[in-house]
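Report on the following structure.
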């Protein structure tokens, strides 16, 4: 977990509110990106009847109708989804160290 702490000044509350708002906006964008990535992954998962985790661990381009091009698209979407989830988890774990702002 990361903690954000702003030294007390007249504007500390206002600045913390801005920081929290900016982080919340980023969370919202990442959640939208995750939703879209999951929809794109679902197309591949439905087509081949396997999860994306299984695909990454067990399949190769030769297993797919679209060969390399399809493999690259599916693997790329999977990696994007993983990166977005990691970022989202980090942002949601932030502790603002100010009970008045929660």
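Looking only at the range 8-51, which residues have a backbone nitrogen under 18 Å from a spot 7 Å from the Cα of residue 89 in the C-beta direction? Only 27-28, 30-35, 37-38 fall inside the zone, counting backbone N under 18 Å. At R0 = 25 Å, how high is the FRET efficiency between residue 79 and residue 25 if r is their beta carbon distance? Nearest 0.05 is fine. It comes to 0.55. Of the residues 31, 62, 70, the one that moves most in a GNM of the chain with alpha-carbon contacts below 10 Å is 62. Seen against the Cα atoms of the chain and their longest principal axis, helix 67-92 is set at about 20 degrees.
Can you work out D for the chain in µm² s⁻¹ from Stokes-Einstein, where Rh is the Kirkwood radius over C-alpha pairs, the temperature is 37 °C and the viscosity is 0.692 mPa s?
Taking Rh from Cα pairs, D becomes 204 µm²/s.
Report summary: the helix-based calculation at 222 nm, which adds -39500 (n - 2.57) for every DSSP H run with n ≥ 4 and divides by the residues of the chain, gives -24000 deg cm²/dmol.
Every read-out reported here was derived from the displayed coordinates using simple, explicitly stated rules and does not represent laboratory data. Since this is a predicted model, take the numbers as computed values, not measurements. Quick reminder, even Gly has a Cβ in these numbers, built from the backbone with ideal geometry, and neighbours come from all protein chains shown.
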